[in-house]
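These notes concern the structure reproduced below.
Any read-out appearing in this document is the output of simple, stated calculations on the displayed coordinates, not a laboratory observation. Computed from a prediction, not measured in an experiment: that's the story for all the values here. Cβ placement follows ideal geometry from the backbone for every residue including glycine, while neighbour counts extend to all protein chains displayed.
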Amino acid sequence: MKKTICCFLFMGYCFLTQAAMPTKEDLKEYYDKAKTTTEQVFDASKEVAKESYETTKQWAGQASDATQAGVKNIKDYFKEKPVEDYQKVRNYKACIAVKKEGDKNILCLPNYRPYLCPEQSFKQLTEQHLIHYCN
């Protein structure tokens, strides 16, 4: 590295300073170090990317399995369920009540016919014992 003494004027004052001027060899050495460092970073990045790819591939397989299981559960949930006998009675929803047992809600038949429940429907539900009474 060459050492150079510089003089510069600033606001009427003369300042002397020593500056290092790089030679071609210095610049080549700097370039080689930068190149080596860049190659090392690139190689390390490739290694990290490869590991990330393998991990992602593994997780994707697990996620795919979980997704397939979830889709199956959804299909099972929305699969046409067998119709209960009481559901075949016309306007049965107007005739039934809901009774809470613990943390569950149970459909049941009240002791007296609700006002909106058709007589024929209530009679069919009670005579055929299609649903339990609420008491």
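For each of Tyr92, Tyr53, count neighbouring Cβ atoms within 10 Å of the residue's Cβ, then give the residues from fewest to most. If you can, show how the numbers build up before the last one.
On the way: Tyr92 22, Tyr53 10.
The fewest-first ordering by Cβ neighbours comes to Tyr53, Tyr92.
Can you tell me which aspartates and glutamates have their Cα less than 15 Å from the Cα of Lys123? Leave out same-chain residues fewer than eight positions away.
Filter leaves Asp85.
Kindly put Leu116, Leu107 in sequence by how many other C-beta atoms sit within 10 Å of each C-beta, fewest to most.
Working: Leu116 9, Leu107 16.
Neighbour counts put them in this order, fewest first: Leu116, Leu107.
Among Ile106, Ile74, Ile96, what is the fewest-to-most ranking by other Cβ atoms within 10 Å? If you can, show how the numbers build up before the last one.
Working: Ile106 13, Ile74 10, Ile96 21.
Listed from fewest to most nearby Cβ atoms, that is Ile74, Ile106, Ile96.
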